[in-house]
Every structure is written in structure tokens, then in C-alpha cells.
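Notes follow the structure.
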Amino acid sequence: MAQVLRVVIVEATFRVSLPPPNGDKGYWEYEIVTCVEQKKRVAKVSHMITGMRSMKPVGCFPVDSVSAKTMIALAEQVAAQTPPPPPKGKGRPKKRKARLCLTCFEVELDGICDDGLPRICEVIIKPGQLFHGVQQPDGQWFREPIPETLIATVRRKTKAGKGRWHEVPVLKHCPAEAGRASLTVADQISWAAARS
């Protein structure tokens with residue numbers, strides 16, 4: 001039975017919604033992508049005011065941790081530096097919120113591949129829907145959705161290339177679920193050396 005040796009968060013994407021500081025209707029939306037650049041964790045922030053069609057890059061900021069609380073604080077810091085436009089109409093007070101949209105992990109399993117390299121999986125957890133077959137009393141098969149709201153897509157990661165994706169339903173964005181998903185499909189992944 002395989003074991004997980006380590007799990008590393010490679011990248012995480014958050015969508016943060018803040019009430020406009022000028023009391024206007026709608027939300028100020030921020031897309032924050034955390035990643036590692038030059039061995040330091042940074043957050044790339046893009047901004048979208050209600051009514052805009054695309055995100056506008058704001059900048060890159062150093063961050064200590066990957067959490068909703070950190071991302072809300074960063075978005076509030078960016079909002080405070082942005083001069084608010086004149087209000088178009090007063091709205092009801094809104095709550096700030098952060099939603100984790102996508103998380104990328106690297107999971108190292110015990111053992112080695114046929115080429116002598118460690119067994120490393122790339123795991124991406126994101127919203128989605130999986131289906132499974134259900135046999136009806138008359139013998140026909142139908143596809144029925146699995147009630148999980150998040151899906152982990154897992155594949156082998158190598159220097160030469162990457163393997164085939166495998167999908168596993170998961171409960172939340174966390175290293176433990178990324179490790180569990182990797183262990184679930186470890187027997188289905190081909191750990192053989194790549195052909196030259």
C-alpha cells in the first residue's frame with residue numbers, strides 16, 4: 001500500500017468579493033492567484049468592479065500563508081489604495097467573502113518509478129461534477145451525478161512529460177484530500193519509465 005510522503009501547495013486561486021468603499025451597489029471582485037516565484041510565495045491580484053467585463057491586473061504582493069482570511073486582508077489593502085469612483089446609487093450593506101476556486105498540489109508518494117525518480121503526482125482540486133452508472137430494473141444503464149461538489153484531477157508528473165488525468169471526488173481543498181486522491185489512483189497510474 002502506497003503512502004504519502006509530502007504534499008506541497010503549488011498554486012491556489014481565490015475570488016474575493018468586497019463591498020465598494022464608496023457604498024455603491026454591487027461588489028468589487030478580486031481574483032488572487034498565489035504561487036511561488038523565486039522561492040517566495042506571492043499573490044497576483046486582479047481587480048474587477050461591478051459592470052466591468054474582465055479582470056484588470058493590479059500587482060504582485062508577498063504573502064505569508066494561503067488562507068481566506070489572508071486573501072480578504074490583501075483585497076482590502078488593495079481596495080484602500082484604489083481611489084473609489086463616485087457612487088452611482090446606494091445599495092444595501094454587503095458582506096465581504098472569499099471563495100477558493102482552484103488549488104494545485106504536488107504529492108510525493110513513497111517508492112520510486114522505473115526510471116529511478118520519485119513518484120510525484122500533480123493534483124488539481126476544483127469545482128465540478130462526476131457521474132457513475134446506475135442500472136435500472138429493466139437492465140438499462142443511466143449516468144447519474146455523484147453528489148460531491150469538488151473534483152481532484154490527478155496525474156503523474158515527470159520532467160519528460162505528464163501522464164493521463166484521473167478524476168476523484170473530494171470533500172474540500174486541503175493537502176489531506178490531495179494526498180487521499182493520489183493514493184486512490186496510485187494503482188491506476190503508470191509508473192513505468194518513459195519510452196525514448
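Numbers for the structure displayed
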item: In degrees, nearest ten, helix 68-81 long axis to first principal axis of the chain (Cα); result: 30 degrees
item: Contour minus Cα-Cα distance for residue 42 and residue 64 (0.36 nm per residue); result: 7.1 nm
item: Computed E for residue 149/residue 25 - FRET, C-beta separation, R0 25 angstrom, nearest 0.05; result: 0.30
item: Extension reserve of the residue 165-residue 190 stretch, reckoned as 0.36 nm per residue once the Cα distance is removed; result: 7.9 nm
item: Ranked list, fewest to most other Cβ atoms within 10 Å of each Cβ, for 134, 8, 78; result: 134, 8, 78
item: Translational diffusion coefficient (Stokes-Einstein; Kirkwood radius from C-alpha pairs) of the chain at 20 °C, 1.002 mPa s, in µm²/s; result: 111 µm²/s
item: Computed FRET value (nearest 0.05) for residue 131 with residue 8, which takes r as the C-beta separation and R₀ as 41 Å; result: 0.85
item: Distance in nm between pseudo-label sites at residue 115 and residue 101 (7 Å out along the Cβ direction from Cα); result: 3.3 nm
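The numbers here are math on the coordinates, done by the rules we state, and not lab data. Not measured: the values here are computed from a predicted model. Note that we place each Cβ from the backbone using ideal geometry, even for glycine, and neighbour counts take in every protein chain shown.
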